[in-house]
1. Name the single residue that is surrounded by the fewest Cβ atoms within 10 Å (Cβ to Cβ) among those in the stretch 38-52 being part of a helix (DSSP H, G or I), out of contact with any His (no Cβ under 8 Å at 6 or more places or on another chain) and not hydrophobic (A, V, I, L, M, F, W, C).
2. The conditions are (1) of a type outside the set (S, T, N, Q); (2) in contact (Cβ under 8 Å) with a residue 60 or more places away in the chain; (3) in a loop (DSSP other than H, G, I, E, B), and E77 fails exactly one of them. Which is it?
3. Can you say whether I21 is closer than 25 Å to G144 by Cβ, at pLDDT 95 or above and in contact with a Pro (Cβ under 7 Å, 6 or more places away or on another chain), as far as the supplied structure shows?
4. Of all residues in the stretch 81-116, how many are exposed (fewer than 11 other Cβ atoms within 10 Å of the Cβ) and not acidic (D, E)?
5. Please identify the pairs in which a residue from the stretch 27-52 that is farther than 20 Å from S121 by Cβ has its Cβ atom under 9 Å from the Cβ atom of a residue that is of a type in the set (D, E), counting only partners at least 6 apart or on another chain.
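The values are calculated or read from the model by the stated rules, or taken from the named source; none is laboratory data. Just so you know, these numbers come straight off a predicted model, no measurement behind them. Heads up, the Cβs are rebuilt from the backbone with ideal geometry, glycines too, and the neighbour counts pull from every protein chain shown.
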Amino acid sequence: MTVGQLFFSSRGRIGRTQWWIGIVAVFVLYVSGQLVGTMVHHWDSFAAGQFMRAALKVPVLYLAYCVVAKRCHDCDERPIWALAVVALGGLEVAWSVAEAVRQFDKAFIINTHLALLAARSALVSVLVVLLGYRRGTVGDNRYGPDPVAHRAPPQSDGQVSSGDSNAAR
C-alpha cells in the first residue's frame, strides 16, 4: 500500500503495523499543527492562533479517518470508530473557532478543555485496544483481502543462501 492509499483513501484494509505507522504520523502532524497555532498566537493574536489550529485540524482529521476506517475494515467492522474520531475532532475545531470569536469565562474554558481532553483520551484508549492490538479478520472479508496474508513467509528450507557459501564449507 502506498502512502497516498494509506492516508487519502478509506477503502481497503490495513494491518496493525500499517495502522501504528499511520496513527503515529497523524499524531505528529496534529502536534505540529498545534505548535504552529501556538506560535501564531504568540506572534499575532489569540484569535489568529485559534483559527490556525482549527484550519490545521481539518486535514489531519481526514487523514485520521482514512487510517482508522481501513483498520476497522480489517476487523470486519463498519468504520464507526473513524466517525467518532471525526465527530470529536469536529467538536474541537468548533471549540477553537468559538473560543477565537467570543470571550468566555476562564472557568468555562478550562472545564471545556478538560472535557475535550477526557473524551479524546478515552477515544484513543479504546482505539489502541480495539485496533492497535487486536488481530484483524483472517482471510478475505467484505472489505478486501487480508493485508497480512499477502506477505511472503520466510524461507526455511534448510539451504544456505548464496551469500553464505563460504560459511557452509
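1. Selected residue: H42.
2. (2)
3. Details: closer than 25 Å to G144 by Cβ: yes; at pLDDT 95 or above: yes; in contact with a Pro (Cβ under 7 Å, 6 or more places away or on another chain): no.
Against the criterion (closer than 25 Å to G144 by Cβ, at pLDDT 95 or above and in contact with a Pro (Cβ under 7 Å, 6 or more places away or on another chain)), I21 does not qualify.
4. Narrowing the stretch 81-116 to residues exposed (fewer than 11 other Cβ atoms within 10 Å of the Cβ): 101-103, 105-108, 114.
Subset that is not acidic (D, E): 101-103, 106-108, 114.
Going through the stretch 81-116 one residue at a time, the tally reaches 7.
5. F46/E99; A47/E99; Q50/E99; M52/D44
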